[in-house]
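**Q** My structure is below; once you've seen it, I'll send some questions.
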Amino acid sequence: MAPFKARVNAICPGLVEEGNISIEERQDMANQIPYGRPIYPDEIGKTVKWLIFLTARKL
């Protein structure tokens, strides 16, 4: 997309902590992901806000 001067962003959080799985299941899943723990919804929101801010600055 660079030749068209278009910016492309994606948010792919993986395991999101929603409180609906057991501690054992959460730990098993967390051991399989590089970050080592689930991500929380507010962290996703902060990332979205950051990307919007960066995009708005480029306009």
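**Q** Write out, first by first residue and then by second, each pair whose Cβ atoms fall under 6 Å of each other, whose residues are 6+ apart or on separate chains, and whose first residue, in segment 47-59, is at pLDDT below 85 while the second is surrounded by 11 or more Cβ atoms within 10 Å (Cβ to Cβ).
**A** Note: no pairs meet the criteria.
**Q** For segment 37-54, name all the residues that are farther than 11 Å from V16 by Cβ and open to solvent by less than 40 Å² (accessible area, probe 1.4 Å).
**A** Residues satisfying the conditions are G45, L51.
**Q** Just give me the residues in segment 12-29 being of a type in the set (V, I, T) and surrounded by 10 or more Cβ atoms within 10 Å (Cβ to Cβ), in sequence order.
**A** V16, I21
The values are calculated or read from the model by the stated rules, or taken from the named source; none is laboratory data. Source: prediction; values computed, not measured. Every residue, glycine as well, gets a Cβ built from its backbone with ideal geometry; the counts of neighbours run over all protein chains shown. In case anyone asks, the SASA skips ligands and DNA or RNA and just uses the protein heavy atoms, side chains included. Shrake-Rupley method; radii C 1.70, N 1.55, O 1.52, S 1.80 Å.
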